[in-house]
Amino acid sequence: MSAKPNKSIFLADDDADDCMLFEDALREVSTSTELITANDGVELINLMETTVPPPPDVIFLDLNMPRKNGFECLEQIRNTKAWEAIPVVIFSTTGQEEMVRKVHAQGANYFIRKPGSFLKLKQVIKQMLDIDWTKHNWKPVAGNFYYQY
C-alpha cells in the first residue's frame, strides 16, 4: 500500500500545456503532492461532487475556460456548504484589476497571474503549498490578495 500524499491539489485549466508545466513544476517542488486536473469548470464540479470529501488542500482555478468559467466555479464552490472553506487560488493569464476585485469579492483566497518562467512557477507553487490553510485567514484583505512575484 502506498503512503497517502502530504497534500492534494485540484487544478482546473483548459490549456493542456499550462497543466503540463504546472505538473512538472509541482513535481520539482514536492513529490508527495497529489495533483488532479480538470479540463474545464464542468469537469471540476463533477470531480468535486464525486471525490469530496475529502476535500483537496487547495484548488488552482483558471478563469477563462469553456462550458463553465472560473467565476461560475468559484461562485458554486463558495455557495456549497461542503466546499465553502476549500482554499481557492485563481491562476490566470489575466491580471485585470476588475477581474482581481471580482474574484476577491467572490471569496477566492489568492489571485496569481500565471508566471512567465518555470522558475517563478515553481516559487509560486511552493509558496502556496507552504501555507497552513487550516490557520490561514481564508478571506484575505485586498492588499494581500494579488500575489506579486
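The values are calculated or read from the model by the stated rules, or taken from the named source; none is laboratory data. Note that the coordinates shown come from a computational prediction; the quantities given were computed from them, not determined experimentally. Cβ sites come from the backbone with ideal geometry, for glycine too, and all protein chains shown count toward neighbours.
So that you can scan it fast, the table gives a plain yes or no per residue for (1) over 22 Å from E49 (Cβ atoms); (2) of a type in the set (A, V, I, L, M, F, W, C); (3) in contact with a Leu (Cβ under 9 Å, 6 or more places away or on another chain):
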position: E72; (1), (2), (3): no, no, no
position: K81; (1), (2), (3): no, no, no
position: E84; (1), (2), (3): no, no, no
position: V89; (1), (2), (3): no, yes, yes
position: S92; (1), (2), (3): yes, no, yes
position: Q96; (1), (2), (3): yes, no, no
position: R101; (1), (2), (3): yes, no, no
position: H104; (1), (2), (3): yes, no, no
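Tell me whether the range 136-149 contains one or more residues that are of a type in the set (S, T, Y), modelled with pLDDT of 60 or more and surrounded by fewer than 16 Cβ atoms within 10 Å (Cβ to Cβ). No, the range 136-149 has no match at all. Annotation note: Cβ proximity below 6 Å between a residue of the range 115-126 that is in contact (Cβ under 8 Å) with a residue 40 or more places away in the chain and a residue that is surrounded by fewer than 18 Cβ atoms within 10 Å (Cβ to Cβ) and hydroxyl-bearing (S, T, Y) (sequence gap 6+ or interchain) occurs for no pair.
Note on the range 75-113: residues that are part of a loop (DSSP other than H, G, I, E, B), crowded, with 19+ Cβ neighbours inside 10 Å, in contact with a strand residue (DSSP E or B) (Cβ under 7 Å, 6 or more places away or on another chain) and not polar (S, T, N, Q) total 3. Within the range 24-40, residues that are in contact (Cβ under 8 Å) with a residue 40 or more places away in the chain sit with their Cβ atoms under 8 Å from residues that are surrounded by 15 or more Cβ atoms within 10 Å (Cβ to Cβ) and among the small types (G, A, S), at 6+ positions apart or across chains, in these pairs: T33/S8.
Table: residues versus (1) of a type outside the set (S, T, Y); (2) modelled with pLDDT of 90 or more; (3) under 23 Å from E28 (Cβ atoms).
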site	(1), (2), (3)
E84	yes, yes, no
P87	yes, yes, yes
F91	yes, yes, yes
Q96	yes, no, no
V103	yes, yes, no
Q106	yes, yes, no
I125	yes, yes, yes
